[in-house]
Amino acid sequence: MPVYVVTGANRGLGLEFARQISQSKENILVACHRSSSSDLSDLKQAAANNASNTHTLVCDTGDLKSIQAFIDSAKKTLEGKKIDFLINNAGINSVPDQTSLSIGPEDLAEQMRVNVLGPAKTTEFLLAADLLSPKVRIVNMTSGLGSMTQSLTINPRKCATYSISKAAVNSLTVQQSGNLREKLGEGCVVICMDPGWVKTRMGGVGAVLEPEVSIGGMLKCIRGLGEADNGKFFGYTGKEVPW
Ligand SMILES: NC(=O)c1ccc[n+]([C@@H]2O[C@H](COP(=O)([O-])OP(=O)(O)OC[C@H]3O[C@@H](n4cnc5c(N)ncnc54)[C@H](OP(=O)(O)O)[C@@H]3O)[C@@H](O)[C@H]2O)c1
């Protein structure tokens, strides 16, 4: 039974990942949420088809102690099973109006803590706890705004602080794709993905894609990944995105 871990699964894209993963009773899902006070009603409903194989665990990806506590809970929950798919989805875009000429130091630090250090430490700690399968597929959720090539075409430029953090997620992915192979062997694959502009709270009113379409496309791509895809940047259609 493949084991999936999704961070930020209580709403938005993470919630749709949980819904689609739960369509098969063959899957085991660890659905993470930021705190014990998160509203899990939508998540429980979304995963109702496979409730007995769904585990909701707290993981605040902006807090190292919370990530470590999550690892300890995951170890107990998984009872010796290893993670086949790790989807580092949780993210924030809390200061979209900042430009490169008005970056708030604390704001940049917060985006880096949640968007970059979160997936870095979640992966590092899961590896250290021996919870990653040798053939694990790790997906770091990035954005078209993390692509230099795409950002150069957006005029006026937008979401500078977030964009910088997502460019760092891309770089993290390249680093992890080498470092994980040194630890787990040639079977593991680490990629980053742009979900497209999706109708979620973060996507906002102008977004064009339904979550079902974005997540359906991403899951197809993730499940079809081969070893040669290690370190690549994909869009939700499975097409490669230029760095
Ligand atoms: N929607 C888009 O158009 C779009 C485009 C490109 C990239 N993305 C990326 O896709 C991912 C999901 O975005 P979304 O549209 O679903 O955003 P969203 O609707 O704002 O949902 C974000 C999710 O991340 C969680 N989260 C935020 N900070 C967290 C933390 N410190 N610890 C744990 N969970 C945390 C939120 O939990 P709470 O409910 O507790 O806040 C929520 O579950 C993000 O990485 C985002 O950057 C989205």
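Averaging Cα coordinates gives a centre for segment 63-139 and one for segment 153-212; these two points are 13 Å apart. Legend: calculated FRET efficiency, ALA207 to SER24, from the Cβ-Cβ distance at R0 = 35 Å, rounded to 0.05, equals 0.80. Mind pulling the angle between the C-alpha long axis of helix 64-78 and the longest principal axis of the chain? Nearest 10 degrees, somewhere in 0 to 90. Long axis of 64-78 versus the principal axis of the chain: about 30 degrees. Full extension of the chain segment joining LYS220 with LYS81 gains 47.7 nm, where the gain is 0.36 nm per residue of separation less the Cα-Cα distance. In a reduced charge model with +1 at each Lys and Arg Cβ and -1 at each Asp and Glu Cβ, segment 3-235 shows a dipole moment near 240 debye about its Cα centre.
Do any of LYS65/LYS239; LYS44/LYS135; LYS44/LYS82; LYS76/LYS239; LYS75/LYS183 go past 27 Å between their Cα atoms, and which? Each step should come with its number before you reach the end.
Values: LYS65/LYS239 36 Å; LYS44/LYS135 29 Å; LYS44/LYS82 23 Å; LYS76/LYS239 37 Å; LYS75/LYS183 19 Å.
Check vs 27 Å cut-off fails for LYS65/LYS239; LYS44/LYS135; LYS76/LYS239.
Isolated cysteines in the chain, defined as those with no second cysteine Cβ under 4.7 Å, comprise CYS159, CYS188, CYS192, CYS221. Looking at the chain as a GNM with Cα springs under 10 Å, which of ILE103, ILE215, ILE21 has the largest mean-square fluctuation? Largest GNM mean-square fluctuation: ILE103.
Rounded to the nearest 500, what is the 222 nm mean residue ellipticity of the chain from helices alone, with -39500 (n - 2.57) per DSSP H run of 4+ residues and division by all residues?
Working: 8 runs with 92 residues, N = 243.
Taken over the chain, the calculation gives -11500 deg cm²/dmol.
The base-10 log of I(q)/I(0) for the chain, evaluated at q = 0.12 Å⁻¹, reads -0.62 [Debye formula, identical scatterers on Cα atoms, solvent excluded]. Neighbour counts of C-beta atoms inside 10 Å place PHE125, PHE70, PHE17 in the sequence PHE125, PHE70, PHE17, starting with the fewest.
Quote to one decimal, in nm, the extra length available between SER73 and GLN45 on full extension: 0.36 nm per residue of separation minus the C-alpha distance between them. Before the final figure, lay out the partial values.
Numbers: separation 28, 0.36 × 28 = 10.08 nm, distance 2.25 nm.
Additional length available on full extension: 7.8 nm.
Provide the percentage of antiparallel DSSP beta bridges, counting only those with both residues in the chain; round to the nearest 5. List each step's numbers first, then the result.
Numbers: 1 of 27 bridges.
Counting DSSP beta bridges with both partners in the chain, the antiparallel share is about 5 percent.
Bear in mind these aren't lab numbers, they're just calculated from the coordinates by the rules spelled out. Just so it is clear, the structure is predicted and the values come from calculations on it, not from any experiment. Positions of Cβ are backbone-derived with ideal geometry, glycine not excepted, and every protein chain shown enters the neighbour counts.
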